[in-house]
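Heads up: the structure comes next, in structure tokens.
The values are calculated or read from the model by the stated rules, or taken from the named source; none is laboratory data. Everything quoted here is computed from the prediction, not taken from an experiment. Because the Cβ atoms are built from the backbone with ideal geometry, glycine has one as well, and the counts that use them run over all protein chains shown. What goes into the accessible areas is simple: the full protein's heavy atoms, side chains included, and nothing from ligands, DNA or RNA. Shrake-Rupley method; radii C 1.70, N 1.55, O 1.52, S 1.80 Å.
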Amino acid sequence: MNFREFLKETKAGFILKNLLLACIVGIVMLFVLISWLKSYTQHGIEVDVPGITGYYVEEAATTISNAGLRMEVIDSTYSKKVPLGTIVEQNPPAGTHAKNGRTVYVIINAHTVRQVPIPDLHDISYRQAEATLKSLGINVTDYLYEPSEYKDLVLDIRQNDVSINAGDRIDEGSSVTLVIGRGKGTEKVAVPNLCGKSLVEARSLLLSKYLTLGIYEYDVEPTEETESLYIVYKQEPTAGTVILEGSRVDLKLSTNIDKAAELTEESDEDDFF
């Protein structure tokens, strides 16, 4: 009995024949699967990742697409060293190899300049104020000295000759001027009438007269929402008093506008008599 007859006529041969067929089918299927996986994963096909740092998003997307890759923006930051809206970081980095179709993740510089809130720096040393502003990215480029109750304390912060109030936001990297006290002057000035004015208005008016804002009190402790509603209803020294430049003026504030009106009337009567 030859091998062909063995496979055809015996039970053991039948089993062996089917085992051989199963092995052949398995080998063919394995070969097809490996070929498909290579095609699906693009095995061995890699491209060079182009450098897109410093590119604007639109032009970077075109460059990445032409290289057979994809791009995705995952975050933004703020830097003064590169133009706004450009890419500051990419992953994978430029020059590395990546499979065709891989995603390149990028971080872009913000499209607008970041603004920072100015803290209340009045009546602290100018060196401390300068350090605080520097930590916020604000540059002090000029100093003005005016009469004041005390020397070397900050009287005002200005940008383009306009006072900046606590809480105001300005562009990071901006330049400001510090107005610093140099002690009392030798000239005398009449105290202006501050009744009915807000704290910001009163401070500005005092500075224009080379006077210093002293202690200010609220009749009821304000909240962040109500603080801007308070007005001056009493001042010491009173309006019209002649004092040295640099002297301070203390204030009392309230949301009750009738208080200011009543005190103004009382002052007018005292002046009459």
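Scan segment 214-233 and tell me whether some residue there is open to solvent by 70 Å² or more (accessible area, probe 1.4 Å), touching a strand residue (DSSP E or B) at 6+ places or on another chain (Cβ under 7 Å), modelled with pLDDT under 95 and assigned to a loop (DSSP other than H, G, I, E, B). No. Scanning segment 90-139 for residues that are in a loop (DSSP other than H, G, I, E, B) and under 20 Å from residue 173 (Cβ atoms) turns up 110, 111, 112, 113, 114, 118, 119, 121, 136, 137, 138. The set of residues in segment 114-150 being of a type outside the set (Val, Ile, Thr), in contact with a Lys or Arg (Cβ under 7 Å, 6 or more places away or on another chain) and surrounded by 14 or more Cβ atoms within 10 Å (Cβ to Cβ) consists of 145, 146, 147, 148, 149. Answer yes or no: is there a residue in segment 65-73 that is at pLDDT 85 or above, among the basic types (Lys, Arg) and in contact with a Gly (Cβ under 9 Å, 6 or more places away or on another chain). Yes: one or more hits.
What number of residues within segment 70-97 are more than 22 Å from residue 115 (Cα to Cα) and surrounded by 14 or more Cβ atoms within 10 Å (Cβ to Cβ)? Total meeting the criteria: 4. Considering (1) closer than 24 Å to residue 227 by Cα; (2) in a strand (DSSP E or B), the lone condition that residue 192 does not fulfil carries the number (2).
Considering the conditions (1) under 35 Å from the mean Cα position of the chain (by Cα); (2) of a type in the set (S, T, N, Q); (3) loosely packed, with under 15 Cβ neighbours inside 10 Å, residue 241 is excluded by exactly one of them, (1).
Yes/no per residue for (1) open to solvent by 70 Å² or more (accessible area, probe 1.4 Å); (2) β-branched (Val, Ile, Thr); (3) at pLDDT below 90:
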| position | (1), (2), (3) |
| --- | --- |
| 158 | no, no, no |
| 162 | yes, yes, no |
| 170 | no, yes, no |
| 177 | no, yes, no |
| 180 | no, yes, no |
| 184 | yes, no, yes |
| 189 | no, yes, no |
| 193 | yes, no, no |
| 202 | no, no, no |
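The requirement of being more than 30 Å from residue 151 (Cβ to Cβ), assigned to a loop (DSSP other than H, G, I, E, B) and out of contact with any Gly (no Cβ under 8 Å at 6 or more places or on another chain) is satisfied by residue 84.
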